[in-house]
Amino acid sequence: MSWNTFGRSLRFTTWGESHGHAIGAVVDGCPPGVDLSEADIQPFLDARKPGQNKFTTQRKEPDEVRILSGVFEGKTTGTPISLLIENTDQRSKDYSEIANTYRPGHADYAYDAKYGFRDYRGGGRSSARETAMRVAAGAVARLVIPEVSILAYVAEIGGDAMDPANFDREEIARNPFWCPDADAAKRWEKLVDEARKAGSSLGAVVECVASGVPAGWGAPVYAKLDADLAAGMMSINAVKGVEIGDGFGAARLTGEENADPMRPGNDGPRFEANHAGGIAGGISTGQPVTCRVAFKPTSSIFTPVESITCDGEATEVRTKGRHDPCVGIRGTPVVEAMMALVLADHKLLHRGQCG
């Protein structure tokens, strides 16, 4: 069985392939009466769309979204919201040489092993093209949680990390890497450009912070907020690791170092630290919810790599076409979208149980 739906109360299903006629999403469970139009969704898609600079794939897609259902007179009706984006710049011939060859690191072999055949044109469902619909669905989810502010940024590319001391929120929109450190962004220009020219690719780490999340969202044991957040982030194509709060760093601390001390505040407790990433026991604490997401290097590269054909014969493969030299860059809006979708789902779940 294939699973193309995520969420419990606020659910979204994506469909479509990289080189198909269109891609789409159905968002179900959105409360009625929410103001919604294409203009509420398009800015987030514009942030993710390809071909914006030399550091991303040169595929040119306008990614113009259409709302097909679930909205009447500018407001959601409570029925499924259907979203559509047409594919307009496919070059399927670029993939003809790998029709009978597996790309190492990509999902080619795994898809073939599961289904008995695969859509080799851009990877089909395993392509990062699918994430455009997560961003569209995430834009709807943001309207369900107006009290929450979500910010993601690239913190590391190719092993070169930004300096937290140089954090400047305004800088994120001023460079092509969504980086809050101007010095790091300058270094990354050379780093990514060299990888692109060499026919290679680089990995990246994206950090995400959601502020304004009230205490109480989430549930114990099997519906933990951090578990769903990790699952949502891991479902993004090319993601290989997720950390909540300090993540693996917490394993290197003592108990007193890892504790988030509390003091009396004017409106509930005042936390002196946030090692837990705003979640304790699977439930939000009222602190910012934080996570780090690791993107692997793009698997479709022009550098020859040893592989096998579908008949099991040894070969070398290099992938023609247009690919991101660092897919984590455009993954930043996708991480924000998944944060929004998970938080909106848990807000509605909390309201359903606790009122």
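The values are calculated or read from the model by the stated rules, or taken from the named source; none is laboratory data. Remember, predicted model here, so these are calculated numbers, not experimental data. Glycine also receives a Cβ, built like all others from the backbone with ideal geometry; neighbour counts cover every protein chain displayed. What goes into the accessible areas is simple: the full protein's heavy atoms, side chains included, and nothing from ligands, DNA or RNA. Shrake-Rupley method; radii C 1.70, N 1.55, O 1.52, S 1.80 Å.
Could you check segment 28-52 and list, in sequence order, the residues that are crowded, with 16+ Cβ neighbours inside 10 Å, within 20 Å of S69 (Cα to Cα) and more than 17 Å from the chain's Cα centre (by Cα)? Once the filter is applied, which keeps residues that are crowded, with 16+ Cβ neighbours inside 10 Å, within 20 Å of S69 (Cα to Cα) and more than 17 Å from the chain's Cα centre (by Cα), segment 28-52 yields D28, G29, C30, V34, L36, D40.
Does any residue of segment 239-254 turn out to be within 26 Å of R134 (Cα to Cα), open to solvent by 60 Å² or more (accessible area, probe 1.4 Å) and in contact (Cβ under 8 Å) with a residue 40 or more places away in the chain? There is at least one residue in segment 239-254 that is within 26 Å of R134 (Cα to Cα), open to solvent by 60 Å² or more (accessible area, probe 1.4 Å) and in contact (Cβ under 8 Å) with a residue 40 or more places away in the chain.
When restricted to residues that are among the hydrophobic types (A, V, I, L, M, F, W, C), under 20 Å from M338 (Cβ atoms) and part of a loop (DSSP other than H, G, I, E, B), segment 263-292 contains 1. Of the residues making up segment 202-218, those that are part of a loop (DSSP other than H, G, I, E, B) and either in contact with a helix residue (DSSP H, G or I) (Cβ under 7 Å, 6 or more places away or on another chain) or surrounded by 18 or more Cβ atoms within 10 Å (Cβ to Cβ) (or both) are L202, G203, V213, G216, W217. One residue is enough: does segment 295-306 have a residue meeting the conditions within 30 Å of V148 (Cβ to Cβ) and assigned to a strand (DSSP E or B)? Checked against the condition, which is being within 30 Å of V148 (Cβ to Cβ) and assigned to a strand (DSSP E or B), segment 295-306 yields at least one hit.
Apart from one condition, C354 fits all of (1) closer than 26 Å to N237 by Cβ; (2) surrounded by fewer than 21 Cβ atoms within 10 Å (Cβ to Cβ); (3) of a type outside the set (K, R); the exception is (1).
Residues that are among the small types (G, A, S) and outside any helix (DSSP H, G or I) within segment 98-132 comprise A99, G105, A107, G116, G122, G123, S127, listed in sequence order. Within segment 295-349, the only residue that satisfies the criterion of being without any contact (Cβ under 8 Å) to a residue 24 or more places away in the chain and within 16 Å of A195 (Cα to Cα) is P304. Residues considered: S9, S18. Of these, the only one that is surrounded by 15 or more Cβ atoms within 10 Å (Cβ to Cβ), at pLDDT 95 or above and not in a strand (DSSP E or B) is S9. For segment 154-199, the set of residues classified as outside any helix (DSSP H, G or I) and touching a residue at least 60 places away in the same chain (Cβ under 8 Å) consists of V154, A155, I157, G158, P176, F177, W178, A198, G199, listed by residue number. Scanning segment 265-285 for residues that are in contact with a Phe, Trp or Tyr (Cβ under 8 Å, 6 or more places away or on another chain) and either surrounded by fewer than 20 Cβ atoms within 10 Å (Cβ to Cβ) or not hydroxyl-bearing (S, T, Y) (or both) yields a total of 1.
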